[in-house]
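For reference, the structure discussed in these notes is given below.
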Amino acid sequence: MKIRDAIATDAAQISAFLQELTALGKRTNRSDEDFVLSSYINGPTKVKCAVAEDADGTILGLQSLSRATEDNIYGVTPGWGIIGTHVSPEAARRGVGRALFAANRQAAQDAGLDKIDASIGESNAEGLGYYEAMGFRTYRTPPGKICKCFDLT
């Protein structure tokens, strides 16, 4: 498995597995290519957007890290990082998320972030377990979500 920065030509593959996650009830946000490009790959507050790919170039997962700004939709403290992790259903339980977080954790440190927020749907047991295993801890619970924080200090 190789971890690298996401590029525009990855949008179709990423969109396809995000749509699979939506069909399985594991995602509620948009999943189209335009959303992938504007929110993840070319996001205006992007710190890093990494993908994991196998030897054949198939994208196994995506992890985006952005810097929270005033009035962000998640209510995250401005200046914190905001992270999102999405792993293809075919690649689940293969260490994809762990490998992606190693790259994004370093990017967060390099960008001078002190904390990273992960806002997870309260019914997303896999996501909650993943972030807990990575060292994130619950710090607030707005309706329908459990927000976890990773402290880089």
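The values are calculated or read from the model by the stated rules, or taken from the named source; none is laboratory data. A quick note: this is a predicted structure, and the numbers were derived from the prediction, not measured. Ideal geometry is used to build each Cβ from the backbone, glycine not excepted, and the neighbour counts take in all protein chains shown.
Given the criteria over 17 Å from residue 72 (Cα atoms) and not aliphatic (A, V, I, L, M), does residue 110 qualify?
Numbers: over 17 Å from residue 72 (Cα atoms): yes; not aliphatic (A, V, I, L, M): yes.
Against the criterion (over 17 Å from residue 72 (Cα atoms) and not aliphatic (A, V, I, L, M)), residue 110 qualifies.
Scan the strands (runs of 3 or more DSSP E) fully inside region 12-97 and keep the ones with 1 or more residues being within 22 Å of residue 122 (Cβ to Cβ) and under 14 Å from the mean Cα position of the chain (by Cα).
Numbers: elements: 46-53, 59-67, 81-87.
Once the strands (runs of 3 or more DSSP E) in region 12-97 are filtered for at least 1 residues that are within 22 Å of residue 122 (Cβ to Cβ) and under 14 Å from the mean Cα position of the chain (by Cα), what remains is 59-67, 81-87.
Could you figure out which of (1) hydrophobic (A, V, I, L, M, F, W, C); (2) at pLDDT below 95; (3) crowded, with 19+ Cβ neighbours inside 10 Å isn't true of residue 80?
Here residue 80 meets the rest and fails (2).
Considering only region 64-114, state which residues are in contact with a Lys or Arg (Cβ under 8 Å, 6 or more places away or on another chain) and of a type in the set (Phe, Trp, Tyr).
80
If I filter region 12-27 for residues that are closer than 22 Å to residue 141 by Cβ, of a type in the set (A, V, I, L, M, F, W, C) and in contact (Cβ under 8 Å) with a residue 24 or more places away in the chain, do I get at least one hit? Give the derivation first.
Going through region 12-27, the residues closer than 22 Å to residue 141 by Cβ turn out to be 25-27.
Still in the list and also of a type in the set (A, V, I, L, M, F, W, C): none.
No, region 12-27 contains no residue that is closer than 22 Å to residue 141 by Cβ, of a type in the set (A, V, I, L, M, F, W, C) and in contact (Cβ under 8 Å) with a residue 24 or more places away in the chain.
Please go through region 1-11 and pick out each residue that is over 18 Å from residue 108 (Cβ atoms) and either of a type in the set (A, V, I, L, M) or assigned to a strand (DSSP E or B) (or both).
Once the filter is applied, which keeps residues that are over 18 Å from residue 108 (Cβ atoms) and either of a type in the set (A, V, I, L, M) or assigned to a strand (DSSP E or B) (or both), region 1-11 yields 1, 2, 7, 8, 11.
Tally time: how many residues in region 3-43 are under 18 Å from residue 54 (Cβ atoms), of a type in the set (Asp, Glu) and at pLDDT 90 or above?
2
Taking region 113-153, which residues are farther than 15 Å from residue 78 by Cα and in a loop (DSSP other than H, G, I, E, B)?
Those that are farther than 15 Å from residue 78 by Cα and in a loop (DSSP other than H, G, I, E, B): 122, 123, 124, 134, 135, 136, 141, 142, 143, 144, 152, 153.
Which one of the conditions (1) polar (S, T, N, Q); (2) over 22 Å from residue 1 (Cβ atoms); (3) touching a residue at least 60 places away in the same chain (Cβ under 8 Å) does residue 138 fail to meet, given that it meets all the rest?
The number of the failed condition is (3).
Restricting attention to region 101-109, does a residue exist that is at pLDDT 95 or above, over 17 Å from residue 61 (Cα atoms) and in a loop (DSSP other than H, G, I, E, B)?
Checked region 101-109: no residue is at pLDDT 95 or above, over 17 Å from residue 61 (Cα atoms) and in a loop (DSSP other than H, G, I, E, B).
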